[in-house]
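Novice: Mind having a look at this structure? Questions to follow.
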There are 2 protein chains.
Amino acid sequence: MITDRPRPTSRDVARVAGVSQAAVSLVLRDKWRGRVSPGKAEAVRAAARELGYRPNPAARNLRLGRTRTALLVVPALTNEFFARLHAGTARVAAEHGFGVVLYPSPEGVGPARDPFGSASAALDGVIASSMAAEALAALRAGGDPPLVMLDSEPERTRAAATVNLDIADGMRQVVAHLLGLGHRRLAHIAADVASWTFEVRAKALAGSVRAAGCEPPPARAAALTVADGMRAAVEALTADPRPTALVCDDDLLAAGACKAARRLGLRVPEDVSVTGFDDLSLATALEPELTTVRLPAEEAGAAGMRALLAVLDAESGENVTPGGPAETTTLPVTLTVRGSTAPPPKTPARPGGR
Amino acid sequence: MITDRPRPTSRDVARVAGVSQAAVSLVLRDKWRGRVSPGKAEAVRAAARELGYRPNPAARNLRLGRTRTALLVVPALTNEFFARLHAGTARVAAEHGFGVVLYPSPEGVGPARDPFGSASAALDGVIASSMAAEALAALRAGGDPPLVMLDSEPERTRAAATVNLDIADGMRQVVAHLLGLGHRRLAHIAADVASWTFEVRAKALAGSVRAAGCEPPPARAAALTVADGMRAAVEALTADPRPTALVCDDDLLAAGACKAARRLGLRVPEDVSVTGFDDLSLATALEPELTTVRLPAEEAGAAGMRALLAVLDAESGENVTPGGPAETTTLPVTLTVRGSTAPPPKTPARPGGR
DNA sequence: CGGAGCACGTTATACGTAACACTTCACGAG
DNA sequence: CTCGTGAAGTGTTACGTATAACGTGCTCCG
């Protein structure tokens, strides 16, 4: 049986403290040096404490014209990579008094309603990862809040800043590792998601392999799930000649690939090597543990938020952003070698091939 | 070089359309039947479209006194269970034009700054899962927005509604399954997180086992990670007598338990059975696939949001909520039997025990 | 023929905060 | 004595929206 009394306003505090509302605002925002006497300031603070006063965020947002809130656009948080990304942005945001809201995309990559229209939260800026087209379309319709892109081709978007992971280098490290072990026949278990980051994987893989004088690896597309990875890997492993290593776009696909191999009676890594991407917690839960490329997802999210904050600062400081704002940061990635890769089997399973 | 013009207001639309600002508001909110002529209504819509007008959410929130935003309090989204929970709340919220913001808890369970004070988003309600103490403390200090608890003891909290998963029944199903297979010596790999949901697991496990006339299973605590689960499982499996089944509080712990068993030269499930909890995507990525209790996390999140919406509706409708609002919903859970459980080995490894 | 109602609008106000423009007073310099 | 100056405040306004309150004409019906 709560009394449901309305929340106290700054005017209520003023009445209790015996000052004006303006003084309350000044004191509670620590802008009172030389404007309010220390005694009254203390009275204001006491009154605020007594009433349990909290400034109304809606009123403040309206008055200031900004909300200290950023929007993060990601496909789905159930993918651990994006959960980490979010953790990074949220951490940096919290350090600067910012909040983060998520683009309300219920099922996977499906487009949501309207992130800016009826959405209750106004936004100071946007951080978008992947599926940029959808977000950009909505943005161009709206009032142009600053945009930071994650893992996106810098030229294709008019973002104020871009933060990328060095995916291509990661894939090159994978190839170098496998070729160094003696593998010559690779196969690519590719994500069939239309996203720049996966295009880069495919190009870097093909490029590296060709540069080493090997045949370009065939690719099989799969949705980003264990089950679909297994399906694609079964296809890859029953091809002729059979590849000795499966390069997967993602740890989930790699997990499926491991299952597929065992289902076909092949051992990992003795008969076939498997590599992943992302270094999810899944990678060390499997046996053998996955050789995979560790992506600093949290750091990427943090960098994205920092970039956005920098853009907002510059925007409020100067009138127009200077000539070179389209800054692109690229974060390094590292190959983590674990148990799922080993030299290829000595005897080529079938000497008939080529 | 964006011109950075201020966003158009409803007054701008009114000027262009040749009507008053009030008429714009009426038309755009579809409240104009019998108040504005169809012709002018169309003019207003055209002007709004032309100017790219979008109502200022901050002003609307201030005027209406509500924000159509709910707060979700969870430990960490990197745990897939909570990511699913979030997906459920976000989906239902989006269906009703609500947004969901997350309690900004950067590192795991650490308390965050101040979810209601300087947080830019005002909140119509709160949905909190686990670690209720922290959230409740902050809540009592604030202006008492309605609270829905997830997976929490209904009596201990003064929530407007509670949505629980039938964890106890899930654990009973696990025990029945294992006892039915012939297991008599279980061990409990317990999460050392102070949360009601884990207390329930422990009590239900001990109770079920005792009810069947077996010795109560020893428990080993572990943080909710694969690595720590492995550590605890190694301890459990080197005890004398060695348990024939490991009941884990969580799929991550179960994954660690499987790794521990193999490291000790034991096969899963031939030598030792392992069960999990949650049915994360990890459960089917492992080999053998995990026998685990499927928790309808997304449904729980959805139910929580629906409960919150119901509370808000009741609150705005009547003046005071009626006598019996503290409703508790309990969602059923189901044991999913997969490959990680099997009958215990015929020959008790060491006949010395007991 | 005198309202009663309806269709069509406008005006005015309030939400709670922040910031600008004032006023008052005391005091020290010129 | 006058003027300037800084401290210590207060009064007022604006942010953009939603809605209650207030007119108009005009038709319809007793």
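Novice: Return the residues of the stretch B:22-65 that are more than 9 Å from DNA strand C (Cβ to nearest atom), over 30 Å from B:Pro146 (Cβ atoms) and in a loop (DSSP other than H, G, I, E, B); say none if nothing qualifies.
Specialist: B:Gly52, B:Tyr53
Novice: Further, regarding this structure: With the condition kept exactly as written, say whether any residue in the stretch B:269-281 is among the hydrophobic types (A, V, I, L, M, F, W, C) and either at pLDDT below 95 or on the phi > 0 side of the Ramachandran plot (or both). First the steps, then the outcome.
Specialist: To start, the set of residues in the stretch B:269-281 that are among the hydrophobic types (A, V, I, L, M, F, W, C) comprises B:272, B:274, B:277, B:280.
Narrowing further to those that are either at pLDDT below 95 or on the phi > 0 side of the Ramachandran plot (or both): none.
The answer is no, given that none of the residues of the stretch B:269-281 is among the hydrophobic types (A, V, I, L, M, F, W, C) and either at pLDDT below 95 or on the phi > 0 side of the Ramachandran plot (or both).
Novice: If you check A:Arg68 against the conditions, is it within 28 Å of the chain's Cα centre (by Cα), away from DNA strand C (no atom under 16 Å from the Cβ) and under 21 Å from A:Val126 (Cβ atoms)? Spell out the reasoning first.
Specialist: Numbers: within 28 Å of the chain's Cα centre (by Cα): yes; away from DNA strand C (no atom under 16 Å from the Cβ): no; under 21 Å from A:Val126 (Cβ atoms): yes.
When the stated conditions are applied, A:Arg68 does not pass them.
Novice: If you scan the stretch B:196-244, which residues turn out to be over 20 Å from B:Val174 (Cα atoms) and out of contact with any strand residue (DSSP E or B) (no Cβ under 9 Å at 6 or more places or on another chain)?
Specialist: The answer is B:Thr225, B:Val226, B:Ala227, B:Val234, B:Thr238, B:Asp240, B:Pro241.
Novice: Of all the residues that make up the stretch B:247-263, how many are closer than 17 Å to B:Pro344 by Cα and surrounded by fewer than 24 Cβ atoms within 10 Å (Cβ to Cβ)?
Specialist: Residues meeting the conditions: 1.
Novice: I've got another one for you. Of B:Ala14, B:Ala76, which residue is under 30 Å from B:Leu282 (Cα atoms) and not polar (S, T, N, Q)? Spell out how you get there, then give the answer.
Specialist: Details: B:Ala14 fails: under 30 Å from B:Leu282 (Cα atoms).
From the options B:Ala14, B:Ala76, the qualifying one is B:Ala76.
Novice: Could you check A:Val73 against (1) closer than 28 Å to A:Ser316 by Cβ; (2) more than 10 Å from chain B (Cβ to nearest Cβ); (3) within 11 Å of DNA strand C (Cβ to nearest atom) and say which number it fails?
Specialist: The failed condition is (3).
Novice: Filter the stretch B:76-95 for residues that are of a type in the set (S, T, N, Q) and under 12 Å from A:Thr78 (Cβ atoms); which is farthest from the other protein chains (Cβ to nearest Cβ)? Before you say what the answer is, go through the steps one by one.
Specialist: First pass over the stretch B:76-95, keeping only residues of a type in the set (S, T, N, Q): B:78-79, B:89.
Now narrow it down to the ones that are under 12 Å from A:Thr78 (Cβ atoms): B:78-79.
Values: B:Thr78: 5, B:Asn79: 8 Å.
The selected residue is B:Asn79.
Novice: In the stretch B:56-79, what residues are among the charged types (D, E, K, R) and either within 17 Å of B:Val100 (Cα to Cα) or more than 7 Å from DNA strand D (Cβ to nearest atom) (or both)? Full working, then the answer.
Specialist: The initial filter retains those residues of the stretch B:56-79 that are among the charged types (D, E, K, R), namely B:60, B:63, B:66, B:68.
Scanning the stretch B:56-79 gives B:Arg66, B:Arg68.
Novice: Would you mention how many residues in the stretch B:221-243 are in contact with an Asp or Glu (Cβ under 8 Å, 6 or more places away or on another chain) and in contact (Cβ under 8 Å) with a residue 40 or more places away in the chain? Please lay out each step first, then the result.
Specialist: We begin by selecting, within the stretch B:221-243, every residue in contact with an Asp or Glu (Cβ under 8 Å, 6 or more places away or on another chain); these are B:221-224, B:229.
Next cut, in contact (Cβ under 8 Å) with a residue 40 or more places away in the chain only: B:224, B:229.
Count: 2.
Novice: Quick test of your reading of the structure: B:Leu280 fulfils all but one of (1) out of contact with any Leu (no Cβ under 7 Å at 6 or more places or on another chain); (2) part of a strand (DSSP E or B); (3) aliphatic (A, V, I, L, M). Name the failing condition by number.
Specialist: Every condition holds for B:Leu280 apart from (2).
Novice: Any residue at all in the stretch A:158-180 that is surrounded by fewer than 17 Cβ atoms within 10 Å (Cβ to Cβ), in contact with a helix residue (DSSP H, G or I) (Cβ under 9 Å, 6 or more places away or on another chain) and closer than 16 Å to A:Pro344 by Cβ?
Specialist: Yes, because at least one residue in the stretch A:158-180 is surrounded by fewer than 17 Cβ atoms within 10 Å (Cβ to Cβ), in contact with a helix residue (DSSP H, G or I) (Cβ under 9 Å, 6 or more places away or on another chain) and closer than 16 Å to A:Pro344 by Cβ.
Novice: Scan the stretch B:270-302 for residues that are surrounded by fewer than 24 Cβ atoms within 10 Å (Cβ to Cβ) and over 22 Å from the mean Cα position of the chain (by Cα) and jot them down.
Specialist: B:Glu270, B:Asp271, B:Glu287, B:Pro288, B:Glu289
Novice: Pairs under 8 Å by beta carbon, first residue away from chain A (no Cβ under 14 Å) and within 9 Å of DNA strand C (Cβ to nearest atom) in the stretch B:7-21, partner part of a helix (DSSP H, G or I) and of a type in the set (Ser, Thr, Tyr), six or more apart or different chains?
Specialist: Partner pairs satisfying both residue conditions: B:Gln21/B:Ser10.
The values are calculated or read from the model by the stated rules, or taken from the named source; none is laboratory data. Quick caveat, the model's predicted, so the values are computed rather than measured. Please note: Cβ atoms are built from the backbone with ideal geometry, for glycine as well, and neighbour counts cover all protein chains shown.
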